[in-house]
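To keep things clear, I will list the structure first and then write my remarks on it.
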Amino acid sequence: MNIKKIFLLSLIVLFTISACDSELEVSDPNSMTTADYWQNEEHMGEAVIGIYNAFLTSEYYGRMLQSFTDSRSDDTFGDSGWELYPKVSNFTILPDEGFMANFWSNLYQMIFRANQVLDRIDEIEFSDSNYKGRLKGQALFLRAFTYYHLQNLYGKIPLILETPKSAEEYYPSQATPEAIWQQLETDLATCESLLPQSYANVSGPDAGQIGRATWGSAAGLLAKVLVQQGKNGEAKTQLKKIIDSDMYDLVDNYFDNFTFENENNEESLFEIQFGIFGTAENWAGAPRADWRQATGVNYNYGISNFTAWEDFEATQWFYEQFYEERTVNGRIDPRCYFSVVYNEPEYDTELYDDDPWGRRNKVFGVNPWTDIPNFDGSKYYIAKWTYARIPGYTQESGGVRLNSEINQRVIRYADILLLYAEMINETEGGPTADTYKYINMVRNRVNLPDLPAGMSQQEMREQIYHERLLELGIEGVRWYDMLRWGWLEDPSMVAELKVRDPHDFPTFTPGKELLPIPNTERDVNPNLEPNSNN
């Protein structure tokens, strides 16, 4: 059973109903008190599913997180009629914006749910200690995963590891970045010891459930935590451990990473599970049993002529990077086709008659540049995470918002390979044979030739910047790369970013790389200090 086939349960504050007779108390069968809950391993298993449930909200992976990371990098920009997105994208968002408060709250809601499990799991008697360990490992992983985003996005955040027990604990102060990162390292190392490589052969209620966090999920996130801190030597060791496990590989078809076909494949270390099961849109607010469990990212990124909102576009610079070199058979890098929608006359030539990727100037089965009178053919539309290149569709997710069932692959093996090559280059004074080996694996998947030998450390560094852009662009990865590379602190790079993305970076100033801590949080918590963007 796939975890995304389960209606993700939520924990709601529960209440009792008093009858006229004061001696008679009737419990609402659809709602339970906290005292009634947390009684057995079944409750604990449901509570862990409830943590995953937080991914589904609009203010997390439902659409906001990807939008807030992609739009601030040099591969996309905000072009929405809703002023929130352009303001986030061009670094002018203010701390009094209500949706920013919702975003902060939703991420901490996931942490709260994880802490509920971690506070109580050792009090529950389990018939299978391994099952208990897996639940605990998932709670730790999901909390660490969310803290990874919070730390990168805000810089100064509270580190909450238990549910509040007193009034004072409701007003936490911020931890140092070093304390946050150290906690993540500790928790993820524990996760590695608790989580299975796969749920295929475990026994218990989670047996066979694809989509839960695994050893590879924890190992991959730990590697990214180390990389983000600049702990290159430790990161290299961690990344090599994943490669040597022989658990992962690149899928043959690059596009399989961005459609609802072949999900949870051999390239995926962790992905957010989406599907279409209920009828209600999972926006903000308390989770409901009839939520669709779908995502609206495709509506943010998709083309308005095909019912989407077109809130973001790819930069022209990003598109042009795919033309830096040709495949071994003289064609355009196929990742361009699956990343950006733009008119390319070459696709309709005989050179592409036997193209294995099936490339043609078709979007939703038509050529919009010739068939749609009001189509703005000058824009660089986004293809990733949309239905534009998926056969059989004439509108974005069938013309229904918050109706995409495309899983978000958030840690891919291609990312691991490129990071490992980068760490070798940084720790060994330049590229080695393994640097070339692992980069070429990613390049060869899309028929690009091997890199030329003899590159210097700086030349390889620049090449890795380029490789990661083409492979991982518009996947929420680029922004975190830019942060760890120090680009936002380097005046010469900021000047270059203004050329690459003239829509956003002209209004950037140092310190604006962080999202502002919401005013609503600082109003109620006197212990929260402002960050550089407050």
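The values are calculated or read from the model by the stated rules, or taken from the named source; none is laboratory data. All figures in this text were calculated on a predicted structure; none of them were measured in a lab. When we count neighbours, we look across all protein chains shown, and the Cβ atoms used for this are built from the backbone with ideal geometry, even at glycine. In case anyone asks, the SASA skips ligands and DNA or RNA and just uses the protein heavy atoms, side chains included. Shrake-Rupley method; radii C 1.70, N 1.55, O 1.52, S 1.80 Å.
Out of everything in segment 368-410 that is small (Gly, Ala, Ser) and either part of a helix (DSSP H, G or I) or more than 20 Å from the chain's Cα centre (by Cα) (or both), what residue ends up being surrounded by the most Cβ atoms within 10 Å (Cβ to Cβ)?
That would be 397.
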Specify the residue that is least open to solvent (accessible area, probe 1.4 Å); the eligible residues are those in segment 502-519 that are within 22 Å of residue 173 (Cα to Cα) and of a type in the set (D, E, K, R).
513
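Conditions (1) under 22 Å from residue 477 (Cα atoms); (2) touching a Pro at 6+ places or on another chain (Cβ under 9 Å), marked per residue:
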| site | (1), (2) |
| --- | --- |
| 153 | yes, no |
| 156 | yes, yes |
| 161 | no, no |
| 166 | no, no |
| 176 | no, no |
| 182 | yes, no |
| 198 | no, no |
| 201 | no, no |
Would you call residue 289 touching a helix residue (DSSP H, G or I) at 6+ places or on another chain (Cβ under 9 Å) and either more than 30 Å from residue 273 (Cβ to Cβ) or touching a residue at least 24 places away in the same chain (Cβ under 8 Å) (or both)?
no
Take the conditions in contact (Cβ under 8 Å) with a residue 24 or more places away in the chain, open to solvent by 40 Å² or more (accessible area, probe 1.4 Å) and farther than 14 Å from residue 72 by Cβ and apply them to residue 492. Does it pass?
no
So residue 172, is it touching a helix residue (DSSP H, G or I) at 6+ places or on another chain (Cβ under 6 Å) and touching a residue at least 60 places away in the same chain (Cβ under 8 Å)
no
All positions within segment 50-88 that are outside any helix (DSSP H, G or I), among the hydroxyl-bearing types (Ser, Thr, Tyr) and more than 30 Å from residue 136 (Cα to Cα):
71, 73, 76, 80
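Look through segment 444-480, keep the residues that are free of Cβ contacts under 8 Å to residues at least 60 places away in the same chain and within 23 Å of the chain's Cα centre (by Cα), and return whichever of them is most open to solvent (accessible area, probe 1.4 Å). Break it down into steps so the answer makes sense when it comes.
Here is the first cut: in segment 444-480, the ones free of Cβ contacts under 8 Å to residues at least 60 places away in the same chain are 444, 450-465, 467-468.
If we keep only those that are within 23 Å of the chain's Cα centre (by Cα) as well, we get 464-465, 467-468.
Details: 464: 5, 465: 39, 467: 3, 468: 5 Å².
Residue satisfying both the conditions and the ranking: 465.
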Could you list, in sequence order, the residues of segment 71-117 that are aliphatic (A, V, I, L, M) and in contact (Cβ under 8 Å) with a residue 40 or more places away in the chain?
88, 93, 94, 100, 101, 107, 110, 111, 114, 117
Would you be able to say whether some residue in segment 155-169 is surrounded by 18 or more Cβ atoms within 10 Å (Cβ to Cβ) and at pLDDT below 95?
yes
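Of everything in segment 131-186 that's part of a helix (DSSP H, G or I) and among the small types (Gly, Ala, Ser), which residue is farthest from residue 214 (Cα to Cα)? Explain how you work it out, then say what you get.
Quick first cut of segment 131-186, residues part of a helix (DSSP H, G or I) only: 131-154, 168-170, 177-186.
Applying the additional criterion that residues be among the small types (Gly, Ala, Ser) yields 133, 137, 139, 144, 179.
Numbers: 133: 12, 137: 9, 139: 12, 144: 14, 179: 25 Å.
The selected residue is 179.
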Quick test of your reading of the structure: residue 509 fulfils all but one of (1) farther than 30 Å from residue 160 by Cα; (2) assigned to a helix (DSSP H, G or I); (3) among the polar types (S, T, N, Q). Name the failing condition by number.
(2)
Mind telling me which of the residues 135, 142, 118, 150 ends up being open to solvent by 10 Å² or more (accessible area, probe 1.4 Å), at pLDDT 95 or above and not β-branched (Val, Ile, Thr)?
118
Among the residues that make up segment 118-131, is at least one of them within 17 Å of the chain's Cα centre (by Cα) and either touching a residue at least 12 places away in the same chain (Cβ under 8 Å) or closer than 19 Å to residue 221 by Cα (or both)?
no
Which one of 271, 281 is in contact with a strand residue (DSSP E or B) (Cβ under 9 Å, 6 or more places away or on another chain) and closer than 18 Å to residue 476 by Cα?
271
Need the failing condition index for residue 111 against (1) aliphatic (A, V, I, L, M); (2) in contact with a Leu (Cβ under 7 Å, 6 or more places away or on another chain); (3) over 30 Å from residue 465 (Cα atoms), just the number.
(2)
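I want to confirm something. Restricting to segment 263-283 and keeping residues that are of a type outside the set (Val, Ile, Thr) and loosely packed, with under 15 Cβ neighbours inside 10 Å, which single residue is farthest from residue 248 (Cα to Cα)? Step through it out loud before you land on a result.
First pass over segment 263-283, keeping only residues of a type outside the set (Val, Ile, Thr): 263-271, 273-275, 277-278, 280-283.
Keeping just the survivors that are loosely packed, with under 15 Cβ neighbours inside 10 Å gives 266, 280.
Working: 266: 5, 280: 36 Å.
Going through the qualifying residues, I end up with 280.
Name the single residue, out of those in segment 215-253 being assigned to a helix (DSSP H, G or I) and without any contact (Cβ under 8 Å) to a residue 12 or more places away in the chain, that is surrounded by the most Cβ atoms within 10 Å (Cβ to Cβ). Can you show your working first?
First pass over segment 215-253, keeping only residues assigned to a helix (DSSP H, G or I): 215-229, 232-244.
In the following step, the residues that additionally are without any contact (Cβ under 8 Å) to a residue 12 or more places away in the chain were identified as 234, 237, 244.
On the way: 234: 18, 237: 15, 244: 8.
The selected residue is 234.
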